[in-house]
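Take a look at the structure set out below.
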Amino acid sequence: MKPTLVLVGRPNVGKSTLFNRLTRSRDAIVADIPGLTRDRHYGHGRLGLKPYLVVDTGGFEPVVKSGILHAMARQTLQAVDEADVVLFIVDGRQGLASQDKIIADQLRKTGRKIILVVNKAEGMPYSTAAVEFHELGLGTPCVVSALHGEHLGELIDFALEDY
Ligand code: GDP
Ligand code: MG
């Protein structure tokens with residue numbers, strides 16, 4: 001069975017950009033299950049001999065309790081439920097947001113393996129990008145640039161280390 005990597009994070013942190021990189025194509029959306037999974041996209045990728053499935057989720061809005069955003073949050077949690085590894089993406093340029101802490105707490109409760117990914121960190125020293133995210137309590141972050149394709153091999157290597 002291919003491991004499933006699920007991309008989670010607040011809007012605009014770069015989930016879809018990372019998805020496109022990890023599936024090596026803008027057209028890699030191979031399954032878009034109608035109805036419930038309206039905002040979940042599935043794509044296949046491979047690192048060396050190791051294949052994996054990537055799931056892009058929509059906005060994670062745990063504080064919104066009604067309407068469409070709530071449905072999206074439920075979907076995201078559903079996707080997390082199916083994850084072998086969750087890639088929790090934060091924005092290294094904006095820094096730590098209060099919503100990141102809420103998401104981190106929700107993710108921790110799921111008991112899944114979580115990798116903290118500090119994105120948009122092109123041109124930033126590792127320690128500068130990573131330092132303020134340590135308080136999320138999710139271990140050592142991976143610092144990447146999805147847009148520029150920096151450190152993505154290391155990220156996937158780390159994500160797949162048990163597979
Ligand atoms: P999503 O809402 O989490 O799916 O985020 P998107 O993938 O749509 O990206 C939101 C914005 O951030 C877009 O303008 C991207 O080009 C930009 N972005 C994504 N990754 C990076 C990155 O590594 N560096 C920079 N500077 N911008 C990025
Ligand atoms: Mg997106």
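In table form, for the structure just shown:
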| quantity | calculated |
| --- | --- |
| Failed condition for A31, given (1) of a type in the set (G, A, S); (2) modelled with pLDDT under 85; (3) closer than 20 Å to H148 by Cα | (3) |
| Pairs with Cβ under 7 Å, 6+ apart, first in the range 4-18 and at pLDDT below 90, second in a strand (DSSP E or B) and more than 6 Å from ligand 1 (Cβ to nearest atom) | S16/D56 |
| Search result, residues across the range 57-114 that are at pLDDT 85 or above, outside any loop (DSSP other than H, G, I, E, B) and over 16 Å from the mean Cα position of the chain (by Cα) | S98, K109 |
| Top-ranked residue in the range 19-28 [being more than 10 Å from ligand 1 (Cβ to nearest atom) and modelled with pLDDT of 85 or more; ranked as nearest to V144 (Cα to Cα)] | L22 |
| Enumeration of residues in the range 125-150 that are within 16 Å of R21 (Cα to Cα), in contact with a Phe, Trp or Tyr (Cβ under 9 Å, 6 or more places away or on another chain) and not in a strand (DSSP E or B) | A146 |
| All positions within the range 109-143 that are within 16 Å of ligand 2 (Cβ to nearest atom) and aliphatic (A, V, I, L, M) | V117 |
| Residue selected from the range 35-56 under the condition among the basic types (K, R) and either surrounded by fewer than 16 Cβ atoms within 10 Å (Cβ to Cβ) or modelled with pLDDT of 85 or more (or both), by the criterion nearest to P11 (Cα to Cα) | R38 |
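The values are calculated or read from the model by the stated rules, or taken from the named source; none is laboratory data. Note that the structure is predicted; figures quoted are calculated from it, not measured. Positions of Cβ are generated from backbone atoms using ideal geometry, with glycine treated the same way; all protein chains shown enter the neighbour counts.
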